[in-house]
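Working notes for the structure below.
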């Protein structure tokens, strides 16, 4: 099954449902379309490049770089040190944990989503997460001209 992204993939069914006042059909076809407006556009704009963090700013402010949330090789030694500090005094433990923060997760995978969350996503969101881009469509100005000529020849009743 191919995902319906653009209105042109529906053909005239959306227009016929609107013209014949079939509200349920019209609502169904609108719901099938992708909610992402940028995918319905006739043109595609380039993605903005993310601003990279300047390392010299960290050095100028004497601030240490942010650590990742994942487990690192040095964390075993840090946790052993925290365990020894916990046995000596609470003040020492607080100081040590502020200087060397503990990991939050085992693996740092930003793209991993919970299974329950993935099961509730629609097909368009799953396609965007997988990185599959919709095919670029060639714009044909002659089709628009022919449609305008047909509308002028057969105007719709008001």
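The values are calculated or read from the model by the stated rules, or taken from the named source; none is laboratory data. Please read these numbers as outputs of a predicted model, since none were measured by experiment. Ideal geometry is used to build each Cβ from the backbone, glycine not excepted, and the neighbour counts take in all protein chains shown.
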Candidate set from region 87-101 (those that are under 14 Å from residue 77 (Cα atoms) and outside any helix (DSSP H, G or I)); member that is nearest to the chain's Cα centre (by Cα): 101
So residue 87, is it in contact with a helix residue (DSSP H, G or I) (Cβ under 8 Å, 6 or more places away or on another chain), outside the structural domain of residue 32 (by TED's automatic domain parsing) and modelled with pLDDT of 75 or more: no
Where residue 114 falls short, out of the listed (1) at pLDDT 75 or above; (2) farther than 28 Å from residue 79 by Cβ: (2)
